[in-house]
Amino acid sequence: MRDEAHRKARQAEAERRRREHEAERRRLEAAKWACPTCQRQVYLEAGLTSGGECRPCQEYRRRTAAEAAQEQAAPTAGGGIFSRHRRT
């Protein structure tokens with residue numbers, strides 16, 4: 001009799017977890033949107049704004065902005081490989 005009660009309790013707990021998981025999946029599906037840049041489906045997560053770009057697009061923009069800033073900050077040399085050796 002005790003085994004039957006434990007089995008029913010485990011089944012009830014498993015059913016409760018399944019229902020919670022299904023409710024969470026439905027909530028995530030309802031909140032997803034298409035990235036305006038690449039059209040990928042984006043699910044709401046920390047650091048993303050609803051209707052905004054996906055994480056890969058954000059990272060690409062951040063990386064290209066950093067590279068552009070680095071190129072502007074780097075001084076340009078006066079010539080190529082032999083710039084030290086000037087003709088006179």
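Any read-out appearing in this document is the output of simple, stated calculations on the displayed coordinates, not a laboratory observation. Since this is a predicted model, take the numbers as computed values, not measurements. Methodologically, a virtual Cβ is constructed for each residue, glycine included, from the backbone with ideal geometry; neighbour enumeration extends over all protein chains shown.
See the values below:
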{"item": "Reduced Cα scattering model of the stretch 1-67, Debye log10 I(q)/I(0), q = 0.16, 0.26 Å⁻¹", "result": "-0.66, -1.05"}
{"item": "Ranked packing of 54-60, 7-13, most packed first, by mean Cβ within 10 Å", "result": "54-60, 7-13"}
